[in-house]
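Data first, discussion second: the structure below is written as structure tokens.
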Ligand code: ARG
């Protein structure tokens, strides 16, 4: 019946096969073979439901379900031969199933379409990636907590405008990233809860006249419920867009931290030593140890955010319901997911392996008059000076230290009383960086006791 050269799936309507260029632009098998496992899982659930509803004989369903497992193992062991002529993963699997089980294979596609099939497969795939991302984030948070715990009371400069601002603790700085990553994980969880509705059974766009049970397939595939509108179900790619948005924000956080690691590992800063395992050397400059992993993580946001923009752009003009444009969703998401997971794993390895340089951190923390705010606060507290006046007096004292080329704590009491006669020797208590950080005990502040409380909270949460 069907002309060999025309398509086995729709050859009834077509006299000739496609032009080679048409085949090249049309085929997605080159990339959507990554959906094989999800495609087979979806088909097995569909076949079981069809049989349960009396739409398919138990015998056919059993053959189909068994045959699909054979196809899966062929794909997993690499013996499966993918065909571009068969366009995508759905038709490749079905064609092979026909070779294995014969006629029954032709009944599998009853009451469904590739439109609900691909939406289902892709959703299942994205859902797995969300779970993997949440896990990867937790691993990185644990590595950061390890660093925070080791250096809960180590002092380092805190920056604004990348200028020394006030001393902070190493643990506090590490915990800032734990917080960011916590929001990333929570965003992924929100997206997962929202996307977890099954498109299967929406068929081409309008639903089907067969007495299917969409609740049954939804449950079998781990969805919370079937999607409530068949037009929306087949044309929705919000789940992919949300994944890319969550991934973009997470990658952005990784990039900010990577930037800090690049700066911190430089000879000028020496705040951290990266391990050999996560650095590279130079072919010409023997002294160099380069933070390549950090730089690449910093760059990953580019392609991940690019994928987000690309898919937004693909989707923005599409009328309901399915359009072939939507086939362009997968490569973007695959690439973004691969690179996010890689960046998370690389960052986790780097953080686990890196050594904070406690002495350099402490030495840097005192430079740049980092305790000037402590001095101003002391004037307010001890001399009852209005903060604006205290700011002015402190500015004059900083100027004096600058002229003398020393830190605030190196000034003599006479230097200070020369500017403000009421200052007493007690002032030196607040000019040391350890006293400075210890005094910042407000909730979420940098004091070691606050840092330890937050470490405990996060450790409990991640258990
Ligand atoms: N390969 C297609 C995709 O990835 C599958 C759906 C095709 N549906 C259709 N009506 N042509 O989107």
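General remarks:
- Search result, residues across the stretch 83-114 that are assigned to a loop (DSSP other than H, G, I, E, B), away from the ligand (no atom under 13 Å from the Cβ) and under 36 Å from the mean Cα position of the chain (by Cα): 83
- Meets criteria (free of Cβ contacts under 8 Å to residues at least 24 places away in the same chain and under 30 Å from residue 123 (Cβ atoms)) for residue 338: yes
- Any hit, the stretch 333-351, residues being in a helix (DSSP H, G or I), buried (at least 22 other Cβ atoms within 10 Å of the Cβ) and within 16 Å of the ligand (Cβ to nearest atom): yes
- When residues of the stretch 300-332 are limited to those that are under 17 Å from the mean Cα position of the chain (by Cα) and loosely packed, with under 14 Cβ neighbours inside 10 Å, the one farthest from the ligand (Cβ to nearest atom): 302
- Test: residue in the stretch 60-74 that is surrounded by 14 or more Cβ atoms within 10 Å (Cβ to Cβ), in contact (Cβ under 8 Å) with a residue 24 or more places away in the chain and assigned to a loop (DSSP other than H, G, I, E, B): no
- Leading residue by the ranking (farthest from the ligand (Cβ to nearest atom)) among those in the stretch 352-371 that are over 30 Å from residue 398 (Cβ atoms) and crowded, with 17+ Cβ neighbours inside 10 Å: 354
- Test for residue 48: is it part of a helix (DSSP H, G or I), over 30 Å from residue 241 (Cβ atoms), at pLDDT 95 or above and within 16 Å of the ligand (Cβ to nearest atom): no
- Residue check for residue 121: under 25 Å from residue 210 (Cα atoms) and surrounded by 20 or more Cβ atoms within 10 Å (Cβ to Cβ): yes
- Within the stretch 17-37, residues that are at negative phi reach partners that are modelled with pLDDT under 95 and outside any helix (DSSP H, G or I) with beta carbons closer than 6 Å, at six or more positions or on different chains, in the pairs 17/5; 17/6.
- Answer from 231, 200 - the residue that is within 16 Å of the ligand (Cβ to nearest atom), surrounded by 23 or more Cβ atoms within 10 Å (Cβ to Cβ) and either closer than 23 Å to residue 135 by Cβ or at pLDDT 95 or above (or both): 200
The values are calculated or read from the model by the stated rules, or taken from the named source; none is laboratory data. Computed from a predicted structure; not experimentally measured. A quick note on method: Cβ atoms are made from the backbone with ideal geometry, for glycine too, and the neighbour counts reach across all protein chains shown.
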